[in-house]
Amino acid sequence: MGDVAELLPAPPSQPRVETFRASDGYDFYLRHWRPTGVPRARIVWLHGIRSHGGWYTRSCGELVAAGYEVVFLDRRGAGWNSAHRGDSPSFRRLLDDVIEYIKHLRREKAGLPLYLGGISWGGKLAVGVPYRCPGLVQGLILACPGLVPIIAPPFVQRMRIAAARLLRPSRLFPIPLNEPELFTADAQGQEFIAQDRFGLRQASARFLFGSFGLDVYLRRAARQVVEPTLLLLAGQDRIISNPGTRDFVRRFRSTDLSVIEYPSAHHTLEMEGPSHPFVTDIIQWIGNR
């Protein structure tokens, strides 16, 4: 099992920057917020295919202010992680990164409830974790999860990805989500995404092919999800299918499934402004558990 190295100390209102060494030796970055006093619960977040933990610091700060310990992992090859940019050995390795970190985190305050949050593509990983490691988390928070996407690479590019996966698996291809307006209608948010130097714009054939494999894996995984689940949807989402996503989560075996749809919101809820209620809804949902 890996270990954590603290890189930057921080005051309570700011995250502590750490790295975690996975069992295969890869070090990935994370942001770690600890509240004042004993935390009410822990929330570990996973970001989308294009984004990273730096997109979501406002909502994490609000959750910490409400008494939660919050961790945001930067997926290997994304965000602050420059090694093997846009690449990963397999989707199972990505699942194991999350599982190994959560097991490490639970060495301290093992009885503290822990919720796993998945945003956009990260929602796919979040759903896969309970199947690969049952009983690890107490609930799932899925924010516009990429379980049933609307957008996919063109057919010809998919064929090239499949060929490159065998011949040149590290070859990079454009991620078909490079238009900021797909994520938000907010002009400042669009500018942030366009200028973000840590956002991922290309991914390897191995990663993209693995994403297709993860979709197949999740068809089995969905029927094994027994954890309480909160699904947050944006009514104006241009990246995922809301009806398809609702149908997908109905396959869960969980008897505690809550769905909230925000009719006027766009895909990245974080960029809907500080008055948007999604953080309050998360806090209330966890409190009711």
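Need the failing condition index for Leu230 against (1) of a type in the set (A, V, I, L, M); (2) in contact with a Phe, Trp or Tyr (Cβ under 7 Å, 6 or more places away or on another chain); (3) in a loop (DSSP other than H, G, I, E, B), just the number.
With (1) of a type in the set (A, V, I, L, M); (2) in contact with a Phe, Trp or Tyr (Cβ under 7 Å, 6 or more places away or on another chain); (3) in a loop (DSSP other than H, G, I, E, B) applied to Leu230, the lone miss is (3).
Is at least one residue of segment 216-231 in contact (Cβ under 8 Å) with a residue 12 or more places away in the chain, surrounded by fewer than 13 Cβ atoms within 10 Å (Cβ to Cβ) and farther than 16 Å from Val129 by Cβ?
No, segment 216-231 has no match at all.
Quick one: which residue in Phe173, Phe183 is touching a helix residue (DSSP H, G or I) at 6+ places or on another chain (Cβ under 7 Å), aromatic (Phe, Trp, Tyr), more than 19 Å from Arg93 (Cβ to Cβ) and surrounded by fewer than 23 Cβ atoms within 10 Å (Cβ to Cβ)?
After applying the criteria, what remains is Phe173.
Would you check if Arg238 is among the basic types (Lys, Arg) and touching a residue at least 60 places away in the same chain (Cβ under 8 Å)?
Yes: the conditions hold for Arg238.
For Ala152, only one of the following conditions fails: (1) touching a strand residue (DSSP E or B) at 6+ places or on another chain (Cβ under 7 Å); (2) hydrophobic (A, V, I, L, M, F, W, C); (3) over 17 Å from Leu94 (Cα atoms). What is its number?
So the condition that Ala152 fails would be (1).
Hey, can you tell me all the residues within segment 138-159 that are touching a helix residue (DSSP H, G or I) at 6+ places or on another chain (Cβ under 8 Å), at pLDDT 95 or above and farther than 17 Å from Arg223 by Cβ?
Residues satisfying the conditions are Gly139, Ile141, Ala143, Cys144, Gly146.
Do the conditions hold for Leu136, that is, is it in contact (Cβ under 8 Å) with a residue 60 or more places away in the chain and either closer than 30 Å to Glu261 by Cα or assigned to a helix (DSSP H, G or I) (or both)?
For Leu136, the condition - in contact (Cβ under 8 Å) with a residue 60 or more places away in the chain and either closer than 30 Å to Glu261 by Cα or assigned to a helix (DSSP H, G or I) (or both) - is not met.
Hey, any hits in segment 110-117 for a residue that's modelled with pLDDT under 95 and either more than 14 Å from the chain's Cα centre (by Cα) or assigned to a helix (DSSP H, G or I) (or both)?
To start, the set of residues in segment 110-117 that are modelled with pLDDT under 95 comprises 110-111.
Those left that are additionally either more than 14 Å from the chain's Cα centre (by Cα) or assigned to a helix (DSSP H, G or I) (or both): 110-111.
Yes, segment 110-117 contains a residue that is modelled with pLDDT under 95 and either more than 14 Å from the chain's Cα centre (by Cα) or assigned to a helix (DSSP H, G or I) (or both).
What number of residues within segment 175-191 satisfy the criterion of being out of contact with any Pro (no Cβ under 8 Å at 6 or more places or on another chain) and either free of Cβ contacts under 8 Å to residues at least 40 places away in the same chain or part of a helix (DSSP H, G or I) (or both)?
6
The values are calculated or read from the model by the stated rules, or taken from the named source; none is laboratory data. Just so you know, these numbers come straight off a predicted model, no measurement behind them. Every residue, glycine among them, receives a Cβ derived from its backbone with ideal geometry; neighbour counts consider all protein chains shown.
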